[in-house]
2 protein chains.
Amino acid sequence: MASIKDVAAEAGVSVATVSRVLNDHPSVSADARTRVLAAVESLGYRPNAVARSLRTDQTHTLGLVISDVMNPYFTELARSVEEEARALGYSVIIGNADERPDLQDHHVRNLLDRRIDGLLVSPTDGGSPLMLDAARAGTPMVFVDRWIPGVDVPVVRADGRAAVRDLVAHLHGLGHRRVAIIAGPAATTTGRERVEAFREALQAHGLDLPDAYIGQGDFQAESGRRVTEGFLDLAEPPEAVFAADNLMALGALDAVRARGLRVPDDIALAAFDDIPWFVHTDPPVTAIAQPTGELGRAAVRALVDRIEGRPGESVTLPARLVVRRSCGEPYPASPEPDSAQAPAVQPPAENRSHT
Amino acid sequence: MASIKDVAAEAGVSVATVSRVLNDHPSVSADARTRVLAAVESLGYRPNAVARSLRTDQTHTLGLVISDVMNPYFTELARSVEEEARALGYSVIIGNADERPDLQDHHVRNLLDRRIDGLLVSPTDGGSPLMLDAARAGTPMVFVDRWIPGVDVPVVRADGRAAVRDLVAHLHGLGHRRVAIIAGPAATTTGRERVEAFREALQAHGLDLPDAYIGQGDFQAESGRRVTEGFLDLAEPPEAVFAADNLMALGALDAVRARGLRVPDDIALAAFDDIPWFVHTDPPVTAIAQPTGELGRAAVRALVDRIEGRPGESVTLPARLVVRRSCGEPYPASPEPDSAQAPAVQPPAENRSHT
DNA sequence: CCCGTCGATGTAATCGATTCCACGAGCGCT
DNA sequence: AGCGCTCGTGGAATCGATTACATCGACGGG
């Protein structure tokens, strides 16, 4: 592969001049510039990003460590992150932690070794020493979706409290009184917060959330199934189940179907994180939708701000309830939100730039 | 951030010795080794991968350019690729082409500039000069899922012909005679092949595939809807529709639902690419399942073989039909494949290592 | 006792860029 | 005419590793 030296030789100038042309430095004669450009063209020269990074100490690369790529919510997040990063002149390396702290650590280490300019993390746990040290050492970093309390890093996330209140009101209005939750790992903020928000909203309606109705999941489908089976085995099973993410809701759907029961007739189901498929499941699933694309973009902007020396602020956007049929018949007054005129393929609140 | 010089100073040795310890070169005294290791520990030193890559001309990184991350099939492919690569000591940088040749080119160029050791591509089109030049220039490369004819690069893919024949037999057995296909872009091999396989299988049953029953899609959901609407507008609409990928099937489901029609009563639907959600849609969708994880792993092995100087062979694995209810009632004899005992969350043929 | 060998270590070149500094030419101003 | 600027350019240092080659001491065989 041709190097800058080859180009210099071909153009009859020094490597310094070639470099100047490539980084369009002002003081290069028009003559030299055209000769260099011609040489670049004829050799098919492309600058070596590795060498450039070594010298400039910048990789123009962002690291994104997410909890689970197979979760459509995170897939969409990753996509929007890459899009915004590209628009700002950065590329993205994704690390999939699969909800495993050891894998998360592996990726963080790998990304740090590659000297990425900044790190976007949706932590799987309370944070390994590695990550906390990196944050303290000044690696530009932003948390997205989930975060770690007590660390001085901007957080970009959705606030689901209002939507959870709407959900509980919805469930209450449909007559459900015994309601349960499939929680996420207590080590994650989203795992804890969703339970808390749910409990508070229930209390406002004079309802209780007994321990037996709090199932411990891990944000993966299998745990949703297991927990739901536990609920169904209770002497007094819940009338409604709220899954703290979409994969656990899928597992719950599995468990219910395996028993030969029906949603919502035998048991109601709702989920956190709305995804296109929920429109087409049997029945369509009532869910809390996050402004995923907006979150990804805001997170990148905050991170790039930090990298380039600007403040880089935390952002919190509201999530919102999307009522479908999995909790019972919707309010007669409100029309089905995924009706014919609105393309149901896309999550309603999202405006995607290309399809 | 501490460099190898700092470690050398701290340990009271030369950088050469530090490097030897780090790459466990045999001739280093036990004494020097422990001093270096202690220095590494106390400084929290991590070798700079950028510098190392520049010197050794190896990045231990694979590039993966896929057509669309939001497609669950490709998400799973990406996941298995990363897994196998990690096991072999490589990391992966993913580029999402979003079915756009210009974006594909952007990512290929970016990856090449970063001097990745090898490239895994699922081409969106017939191949840009950039990609073809890279292949000719000897960049280790492997095509996965889709490929470009006439290029000397190993191909790892699934053969869907047998499964398509099974599907057509299934449709025919249920009494469908007027069957249509939502095709993928003609610029892709999978786009063409699936139409061809379908046509041949139909001919074997004495059925025809008229032009009006071949809708041109682009593997994205929106095109599936548009094409399906076209089919439904025909004077004689098809009785069954075969979507060449899962997203277009989702779009088709949308279109049918928007007309107030039902699958499979009003029109049958089947899809290429099976995904977990198809178990839970209304109705569950009959689909052709690829051994996605196996494809990803085989592709990585082939690529790493090439990189490390071994041959690196093409691999073709069979796809298989998974009958559900979207084409009409299944054969009374065969039991529903996604029944209670088999966790329906996972695509049946897949054995995933961690859930 | 001398010399060859081997093991441990250091010095310095190298990878491919960027960039500081020096230098010479040309030009304007006094 | 001479001084000082600016402009265009090249030489060389530098980034952080790896590694070929040189060196030096110890040791064993003849």
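The values are calculated or read from the model by the stated rules, or taken from the named source; none is laboratory data. Note that the structure is a prediction, hence the values are computed from the model and not measured. FYI the Cβ positions are ideal-geometry reconstructions off the backbone, even for glycines, and counts take in every protein chain you see. For accessibility, only protein heavy atoms count, side chains too; no ligands or nucleic acids. Shrake-Rupley method; radii C 1.70, N 1.55, O 1.52, S 1.80 Å.
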Helix B:221-233: angle to the longest alpha-carbon principal axis of chain B, degrees 0 to 90, nearest 10?
10 degrees
Scoring chain A by relative contact order with C-alpha pairs under 8 Å, at least six apart, yields a percentage of 15 percent
Yeah, the protein assembly as shown with a ≥ b ≥ c from its alpha-carbon gyration tensor (a/c under 1.5 is rounded, else prolate when a/b outruns b/c, oblate otherwise) is oblate
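Taking a ≥ b ≥ c as the square roots of the Cα gyration tensor eigenvalues, with a/c under 1.5 meaning rounded and otherwise prolate when a/b beats b/c, else oblate, which class fits segment B:170-246?
oblate
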Quick one: how many Å² of residue B:19 are accessible to a 1.4 Å probe, rounded to 10?
50 Å²
Between chains A and B, what is the buried accessible area in Å², counting both sides, with a 1.4 Å probe and ligands, DNA and RNA left out, to the nearest 100?
5400 Å²
Each residue of B:88-98 has, on average, a number of other protein chain C-beta atoms within 10 Å of its C-beta equal to 4
Hey, what number do you get for chain B at 222 nm if only DSSP H runs of n ≥ 4 count, each worth -39500 (n - 2.57), divided across all residues, to the nearest 500?
-13000 deg cm²/dmol
Given H placed 1.01 Å from N in the peptide plane, which residues other than close sequence neighbours of residue A:158 have an amide H under 5 Å from its amide H?
A:145, A:317
For residues of A:68-75, the mean tally of beta carbons on other chains within 10 Å
4
Heavy atoms of the protein only, probe of 1.4 Å, neighbouring chains included. What is the accessible area of residue B:161 in Å², nearest 10?
80 Å²
Charges only on Cβ, +1 for Lys and Arg, -1 for Asp and Glu: so what's the dipole of chain B about the Cα centre, in debye to the nearest 20?
940 debye
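When only C-alpha pairs under 8 Å and at least 6 residues apart count, what is the relative contact order of segment A:4-47, in percent?
Value for segment A:4-47: 43 percent.
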Taking all protein chains as present, what is the carbon and sulfur share of the accessible area of chain B, in % to the nearest whole number, probe 1.4 Å?
51 percent
If you fit an axis through the alpha-carbon atoms of helix B:30-43 and take the longest principal axis of the Cα set of chain B, what angle between them do you get, 0 to 90°, nearest 10?
60 degrees
Taking segment A:263-315 and dividing mean pair separation by its residue count, relative contact order in percent (alpha carbons under 8 Å, at least six apart)
24 percent
Is there a simple number for the mean count of other chain Cβ atoms within 10 Å of the Cβ of residues in B:223-236, and what is it?
0
Is the C-alpha gyration tensor of segment B:161-289 telling us rounded, prolate or oblate? Criteria: a/c under 1.5 is rounded; beyond that, a/b larger than b/c is prolate, otherwise oblate.
rounded
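Before I look further, what does the protein assembly as shown give for accessible area per residue, probe 1.4 Å, in whole square angstrom? Show your work: numbers first, answer last.
Values: 28250 Å² over 710 residues.
About 40 Å² of surface per residue is accessible.
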Spin-label model distance (nm) - residue B:196 vs residue A:136, 7 Å beyond Cα toward Cβ
6.2 nm
How far is helix B:189-204 tilted off the main Cα axis of chain B, in degrees rounded to 10, range 0 to 90?
30 degrees
For residue B:269, other-chain or 5+-apart residues with amide H closer than 5 Å (H placed, Pro excluded) are B:241, B:327
